[in-house]
Amino acid sequence: MPPAPASAAAYHSDPLGPDFEQLRLPQPPDYEGPVQAVLVRGRRGQAASETGRAVLYVHGFNDYFFQQELALEYAARGYRFYALDLRKYGRALLPQQHPNNVRHLTEYFADLDAALVQMQAESCEEIVLSGHSTGGLITAVYLGQRQPPAVRALVLNSPFLELHQSWLRRHVAVPVAVALGARWPNLPLPAGLPDTYGQSLHRAYRGQWEYNLAWKPNHVFAVNAGWLRAIRQGQKQVRRGLRLPLPVLVLHSDHTATGRRWQENFRRADIVLDVAHIRQLAPRLGPRVTVQAVPGAVHDVFLSAPEVRATAYQQLFEWLHTVME
């Protein structure tokens, strides 16, 4: 049975300021105790939108929703904007929880179910589901097993469809860690991401964005073998083919850059994932997939340089105009 929607009065103020408000979505306890997700609603465009169209944005790994510009761009085009902080991330993280701790991606399905039920209770009739990086993997796998009638399209921003590691690590070391994760899910593993991506984003370092470094630290949250097992199970489903019937847009940078020390080209490349993997695996999502490279984009294409973001927004909304008509 789907969760019952909360009343509109249950929304509270959000750290992003008066243009946003949040709703706590309690979930059944898991192996770490109480669980919640948090739905964030943009206030702009709520009353003015008469189309019934809305977007639900899902963040990536070591992440939470803070992209106010993205919300305003959707609102300017008649979409009511919602974002979901998944369990154990950002606004939803509880004191007893380890950030991002999960043992199967299906644990997030209840969070997505609750958010979509709430949105439909608020008269959102045509919903675009959007996911960035790990959120892209989660939303794709979710739609591969569930087909909510209100969800009309899927937008993926640099989805995490494969590990950005050497062939040897992916085919030798990772399978061993995944096998250990079935029995010892809390076994700690190195996250393997340098702090350069965070440096390229936050304005306290080399970037232009302001966000909560406690919720999105430069030195990423630790992971465990249970998390890696969950990710690899989801990626395996993608490799086999998800056969999503709805239209899918996959945006990504035009190239990947590597290196653990800062380089200026990190401002105009994906330094988290290998874009070749995204291009290779995206067609396996379904028969109606559009893959578009965004020249000069970073891993989150909507956090790129202003002229790059403008290109990404143009690609996004031209595609939505076509598939949502």
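The values are calculated or read from the model by the stated rules, or taken from the named source; none is laboratory data. All figures in this text were calculated on a predicted structure; none of them were measured in a lab. Don't worry about glycine lacking a Cβ; one is built from the backbone with ideal geometry, like all the others, and counts go over all protein chains shown. What goes into the accessible areas is simple: the full protein's heavy atoms, side chains included, and nothing from ligands, DNA or RNA. Shrake-Rupley method; radii C 1.70, N 1.55, O 1.52, S 1.80 Å.
Quick check on region 226-239. Is at least one of its residues in contact with a strand residue (DSSP E or B) (Cβ under 8 Å, 6 or more places away or on another chain) and open to solvent by 50 Å² or more (accessible area, probe 1.4 Å)?
no
Restricting to region 177-198, name every residue that is in contact with a His (Cβ under 9 Å, 6 or more places away or on another chain) and not in a loop (DSSP other than H, G, I, E, B).
Listed by number, the residues that qualify are Tyr197, Gly198.
Would you pick out the residues in region 121-176 that are assigned to a helix (DSSP H, G or I), open to solvent by 20 Å² or more (accessible area, probe 1.4 Å) and under 19 Å from Ala110 (Cβ atoms)?
Narrowing region 121-176 to residues assigned to a helix (DSSP H, G or I): 121, 134-145, 167-176.
Next cut, open to solvent by 20 Å² or more (accessible area, probe 1.4 Å) only: 121, 144-145, 167-173, 175-176.
Across region 121-176, the qualifying residues are Ala121, Gly144, Gln145.
Can you report the number of residues in region 274-310 which are under 19 Å from Leu154 (Cβ atoms), open to solvent by 20 Å² or more (accessible area, probe 1.4 Å) and not polar (S, T, N, Q)?
Counting residues in region 274-310 that are under 19 Å from Leu154 (Cβ atoms), open to solvent by 20 Å² or more (accessible area, probe 1.4 Å) and not polar (S, T, N, Q) gives 9.
Does Arg260 qualify as being surrounded by 17 or more Cβ atoms within 10 Å (Cβ to Cβ), among the charged types (D, E, K, R), in contact (Cβ under 8 Å) with a residue 60 or more places away in the chain and more than 24 Å from Leu86 (Cβ to Cβ)? Break it down into steps so the answer makes sense when it comes.
On the way: surrounded by 17 or more Cβ atoms within 10 Å (Cβ to Cβ): no; among the charged types (D, E, K, R): yes; in contact (Cβ under 8 Å) with a residue 60 or more places away in the chain: yes; more than 24 Å from Leu86 (Cβ to Cβ): yes.
No: the conditions fail for Arg260.
Is it true that some residue in region 103-117 is under 17 Å from Leu246 (Cα atoms), at pLDDT 95 or above, among the aromatic types (Phe, Trp, Tyr) and outside any loop (DSSP other than H, G, I, E, B)?
no
I'm trying to understand the selection: among the residues of region 101-120, which are open to solvent by 30 Å² or more (accessible area, probe 1.4 Å) and touching a helix residue (DSSP H, G or I) at 6+ places or on another chain (Cβ under 7 Å)?
Residues satisfying the conditions are Arg103, His104.
Could you list, ordered by first residue, the pairs with Cβ atoms under 7 Å in which the first is in region 144-160 and without any contact (Cβ under 8 Å) to a residue 60 or more places away in the chain and under 20 Å from Gln118 (Cβ atoms) and the second is open to solvent by 10 Å² or more (accessible area, probe 1.4 Å) and outside any helix (DSSP H, G or I), at least 6 apart or interchain?
Ala150/Glu125; Ala150/Glu126
Contact list please: Cβ distance under 7 Å, first residue in region 163-174 and closer than 17 Å to Ala276 by Cβ, second residue open to solvent by less than 50 Å² (accessible area, probe 1.4 Å) and at pLDDT below 75, pairs at least six apart or on different chains.
Leu163/Arg170
Taking interchain pairs and intrachain pairs at least six residues apart, which have beta carbon atoms under 8 angstrom, with the first residue in region 187-204 and among the basic types (Lys, Arg) and the second assigned to a loop (DSSP other than H, G, I, E, B) and open to solvent by 40 Å² or more (accessible area, probe 1.4 Å)?
Close Cβ pairs satisfying both conditions: Arg203/Glu210.
Report yes if some residue within region 270-288 is part of a loop (DSSP other than H, G, I, E, B) and modelled with pLDDT under 95; otherwise report no. Break it down stepwise before answering.
First, pick out the residues of region 270-288 that are part of a loop (DSSP other than H, G, I, E, B): 271-274, 286-288.
Add one more test, that the residue is modelled with pLDDT under 95, and what stays is none.
Checking region 270-288: not a single residue is part of a loop (DSSP other than H, G, I, E, B) and modelled with pLDDT under 95.
Hey, any hits in region 89-100 for a residue that's more than 23 Å from Pro34 (Cβ to Cβ) and either in contact with a Ser or Thr (Cβ under 6 Å, 6 or more places away or on another chain) or surrounded by fewer than 23 Cβ atoms within 10 Å (Cβ to Cβ) (or both)? Full working, then the answer.
Restricting attention to region 89-100, the residues satisfying the condition of being more than 23 Å from Pro34 (Cβ to Cβ) are none.
The answer is no; no qualifying residue exists.
Just one of the numbered conditions (1) more than 30 Å from Pro283 (Cβ to Cβ); (2) modelled with pLDDT under 95; (3) not β-branched (Val, Ile, Thr) is not true of His98; which one?
That leaves (2) as the condition not met.
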